[in-house]
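Novice: Attaching a single structure in structure tokens format; questions to follow.
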Amino acid sequence: MRKCDVHPPIDDLVWLVRNSPGMRSTALRTMVHTNKPNEAFYKILSILKDGIFVDDIANIEFANFCVHARLKRTTKLLTALEEASNVLKHRGIIGAYAATLVLGRAGTPRRILDHAIELQPRMESRLWLGRCIAGLHARTSQSIGSNRKGISPTCRSANNPACDRVVEYHFALINDAPFVKQCSNYLRHDNESFPLKIFSPKALQMLSVEHNTSTASAYAAILAKQPALSSDPFFQEWGF
């Protein structure tokens, strides 16, 4: 359908999300590619707030939509994304993970750091929550304070080895030119199954490379292969 530029009616997909749990994931994944993403988002947000999502995977699929759809960045949308994050973070560890994904795209660096501090007590024994929060290091390291530590002290204090490994990975992308060279082929490669052709965690890695002052040529090659970094309003706000 995507290759033919065919888009199922949003209301049909929304009906499946609300009324057919067995088709919910398929509907949400299809809706990621809609040509009316903001309209779809507000309708799904209403379902989220109504408490229809009682299974963890629905929260993750909703967050995946928020992260990868071609949303049009408006003040109204940013307020609604913040609302979605606040709803999700109170729905257990998986909800907190989903909330982190949403904030990773739309939150300000300060908002992301405050979110990480709030969830820090829950990160210690939670592999994926810790990794997800640590993956947002590049969104905060250049914008908060003068020492550029960003989110990393909060992650370090969680005593979560998986979290530490993600922070070290981003440190290497920011500071180690040979390591960036090793990663360049992976970072330049398109992710065709996503609307912007970029998997969100990969975009965060690209942002770390942008912060590396010794890898200008590698970063330029990434930009040439990933035009969405320059055209998407959320990526522009990140600093691309």
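Novice: From Asn191, Asn175, Asn185, Asn212, which residue is farther than 21 Å from Met123 by Cα and loosely packed, with under 13 Cβ neighbours inside 10 Å?
Specialist: The conditions single out Asn185.
Novice: Within the stretch 113-136, restricting attention to residues that are over 19 Å from Arg91 (Cβ atoms) and hydrophobic (A, V, I, L, M, F, W, C), which residue is surrounded by the most Cβ atoms within 10 Å (Cβ to Cβ)?
Specialist: Only one residue tops the list, namely Leu136.
Novice: For the stretch 65-82, give me each residue that is assigned to a helix (DSSP H, G or I) and in contact with a helix residue (DSSP H, G or I) (Cβ under 7 Å, 6 or more places away or on another chain).
Specialist: Scanning the stretch 65-82 gives Phe65, Cys66, Val67, His68, Leu77, Leu78, Ala80, Leu81.
Novice: Of the residues Ala116, Ala84, Ala106, only one is of a type in the set (A, V, I, L, M, F, W, C) and either touching a His at 6+ places or on another chain (Cβ under 8 Å) or farther than 21 Å from Ser152 by Cα (or both); which?
Specialist: Ala84
Novice: Only one of Ser152, Ser184, Ser141 is among the small types (Gly, Ala, Ser) and closer than 20 Å to Gln226 by Cα; which?
Specialist: Ser184
Novice: Quick check on my filter: what residues within the stretch 15-63 are surrounded by fewer than 17 Cβ atoms within 10 Å (Cβ to Cβ) and touching a His at 6+ places or on another chain (Cβ under 7 Å)?
Specialist: The one that is surrounded by fewer than 17 Cβ atoms within 10 Å (Cβ to Cβ) and touching a His at 6+ places or on another chain (Cβ under 7 Å): Asn35.
Novice: Is it true that some residue in the stretch 195-208 is of a type in the set (S, T, N, Q) and open to solvent by 10 Å² or more (accessible area, probe 1.4 Å)?
Specialist: yes
Novice: Then there is this: When Ala158 is evaluated against the numbered criteria (1) open to solvent by less than 20 Å² (accessible area, probe 1.4 Å); (2) assigned to a helix (DSSP H, G or I); (3) at pLDDT below 95; (4) not basic (Lys, Arg), which criterion, by number, is the only one it fails?
Specialist: All conditions pass for Ala158, except number (2).
Novice: For Ile151, only one of the following conditions fails: (1) open to solvent by less than 50 Å² (accessible area, probe 1.4 Å); (2) at pLDDT 90 or above. What is its number?
Specialist: Answer for Ile151: the failing condition is (2).
The values are calculated or read from the model by the stated rules, or taken from the named source; none is laboratory data. Just so it is clear, the structure is predicted and the values come from calculations on it, not from any experiment. Every residue, glycine as well, gets a Cβ built from its backbone with ideal geometry; the counts of neighbours run over all protein chains shown. Note: areas computed on protein heavy atoms with side chains; ligands, DNA, RNA excluded. Shrake-Rupley method; radii C 1.70, N 1.55, O 1.52, S 1.80 Å.
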